[in-house]
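Please read the structure below before turning to the comments.
The values are calculated or read from the model by the stated rules, or taken from the named source; none is laboratory data. Since the structure is predicted, the reported quantities are computational estimates derived from the model, not experimental observations. Please note: Cβ atoms are built from the backbone with ideal geometry, for glycine as well, and neighbour counts cover all protein chains shown. Side chains are part of the model used for accessible areas, which takes the heavy atoms of the whole protein and leaves out ligands, DNA and RNA. Shrake-Rupley method; radii C 1.70, N 1.55, O 1.52, S 1.80 Å.
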Amino acid sequence: MMSLVSIKNLSAGYGFVEVLRDVSIEIEAREIVAVLGSNGVGKTTLNNTLSGLIAPKTGEIIFDGNLVSGKSPSEIVEMGLIHVPEGRKLFPNLTVKDNLELGSYRRGKSERQKNLDEVLAIFPKLAERIGQQAGTLSGGEQQMVAIGRGLMGNPKLLILDEPSLGLSPLLVEQMFELIKRINQQGITILLVEQNVMQSLNIASRAYVIEEGTIAISGEAKALRDNAELKKSYLGL
């Protein structure tokens, strides 16, 4: 079976600084794949390369049977590869509704109302806040808007960059439940997180990045029981 995403021997970075080296990742349709690692190891660089914000130095990215490398970010969005960036990047002075609808600017325009109804069914809290300025929402609600905006574009692959960052422990719990629910609707998710154990609880497979290369990869369940991983990341 052909993978939805096939990243082969990818190296990328900024100027002369190489951040990722020889990274290979496969993502099958309808699964959650976690990319784990501490701050500064290259996770965001991976996301930015996938979504066309950075050109790869070497290697290739195949998405849904097509070569992504060399395409512009807007072309990549039109293909259905949608990136929910770290830090939410909302328009604080626009309403929740406006922020969500901007997600269908490049893709999903014809199904805007249907998608909006579905997003509000997943995040009922946003239905109550629909006319409010996004900047007035709590951190958890802003994260819901950011993910909802991504869903408005009918993603074939949804990249979630640190969705639990800055949330309280209770909200982190709820956020991972929501990610699981979104995946159960058939959406493939690349979950890029520092939150190791909770990511491994909902992912089918995972890759751990250390210093720009893949240090460990495998089934999420096997990695959960991996002594080396626990020692490196959890101090256990």
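Using label points projected 7 Å from each Cα along Cα→Cβ, tell me how many nm separate I122 and K8, to one decimal.
Going from the I122 label point to the K8 one covers 3.1 nm.
Assigning unit charges at the beta carbon (Lys, Arg +1; Asp, Glu -1) and nothing else, what dipole magnitude in debye, to the nearest 20, does the chain show about its Cα centre?
I would put it at about 340 debye.
Would you tally the net charge around S69, using a Cβ to Cβ cut-off of less than 11 Å, leaving S69 out, and scoring K and R as +1, D and E as -1?
Details: positive: K8, K57, K71; negative: E60.
Net charge around S69: +2.
Over all pairs of distinct alpha carbons, what does the Kirkwood formula give as the hydrodynamic radius of region 49-123, in Å? Each step should come with its number before you reach the end.
Numbers: mean 1/r = 0.0710 Å⁻¹.
14.1 Å is the Kirkwood radius here.
For I159, which sequence-distant residues (separation of 5 or more, or a different chain) have an amide H within less than 5 Å of its own amide H, given hydrogens modelled in the peptide plane?
Amide H neighbours of I159: I82, H83, V84, L190.
What does the net charge come to around D98 if you take all other residues with beta carbon closer than 13 Å to its beta carbon, with K and R at +1 and D and E at -1?
Once positives and negatives cancel, what remains is +3.
Go through G80, L50, N93 and say which Cα lies farthest out towards the positive end of the charge dipole of region 20-93; charges sit on Cβ, +1 for Lys and Arg, -1 for Asp and Glu.
N93
Could you tell me which of rounded, prolate or oblate describes region 126-182, using a ≥ b ≥ c as the square roots of the eigenvalues of the alpha-carbon gyration tensor, with rounded for a/c under 1.5 and, failing that, prolate when a/b is larger than b/c and oblate otherwise?
oblate
Mind checking which aspartates and glutamates have their Cα closer than 18 Å to the Cα of K97? Skip sequence neighbours fewer than 8 apart in that chain.
E111, D117, E118, E128, E141
Could you work out how much longer the chain between E28 and Q185 gets when fully extended? Use 0.36 nm per residue separation minus the Cα distance between them, nm to one decimal.
55.0 nm
What's the magnitude of the charge dipole for region 123-236 around its Cα centre, counting Lys and Arg as +1 and Asp and Glu as -1 at the beta-carbon? Answer in Debye, nearest 20.
Here the size comes out at about 320 debye.
Of all the stretches in the chain, which is the longest one without any exposed loop site, taking chymotrypsin sites (Phe, Trp or Tyr not before Pro) in a DSSP loop (any state but H, G, I, E, B) with at most 16 other Cβ atoms within 10 Å?
Formally, the longest exposed-site-free interval is 106-236.
What number comes out for the charge environment of Y207, summing +1 per Lys or Arg and -1 per Asp or Glu over other residues with Cβ under 15 Å away? Working shown, then result.
Details: positive: K8, R21, K43, R205, K221, R224; negative: D22, E26, E28, E31, D161, E193, E210, E211, E219, E228.
That works out to -4.
Once the Cα gyration tensor of region 115-236 is found, what semi-axes does its equivalent ellipsoid get, as square roots of 5 times the eigenvalues, in whole Å, sorted largest first?
Details: eigenvalues 170, 50, 28 Å².
Ellipsoid half-lengths, sorted descending, are 29, 16, 12 Å.
Can you tell me the convex hull volume per residue for region 87-126, based on C-alpha atoms, in Å³ to the nearest whole number? Write out the running numbers ahead of the final one.
Values: hull volume 3.2 nm³, N = 40.
Expressed per residue, the convex hull around the Cα atoms of region 87-126 is 81 Å³.
Region 128-194 to region 1-43: how many Å between their Cα centroids?
About 21 Å separates the Cα centre of region 128-194 from the one of region 1-43.
Say the cut-off is 19 Å between C-alpha atoms; which of K71/K156; K109/K156; K71/K109 go over it?
Over 19 Å apart, Cα to Cα: K71/K109.
Per residue, what accessible area does the chain have, given a 1.4 Å probe and all protein chains present, in Å²?
Working: 10780 Å² over 236 residues.
Heavy-atom accessible area per residue stands at 46 Å².
Given an 8 Å cut-off on Cα distances and at least 6 residues of separation, report the relative contact order of region 130-236 as a percent. Numbers along the way, then the final one.
Numbers: 91 pairs, mean separation 19.6, N = 107.
About 18 percent, as a whole number.
For a quick size check, give me the Cα extents of region 73-167 along its three principal axes, largest first, whole Å.
32, 27, 22
Calculate, for F91 and A227, the FRET efficiency according to 1/(1 + (r/R0)^6) with r their C-beta to C-beta distance and R0 30 Å; round to the nearest 0.05.
Computed FRET efficiency for F91 and A227 comes out at 0.10.
Which residue, L171, S204, I122, has the largest displacement toward the positive end of the dipole of region 110-236 when charges sit on each Cβ (Lys, Arg +1; Asp, Glu -1)?
The listed residue farthest towards the positive side: I122.
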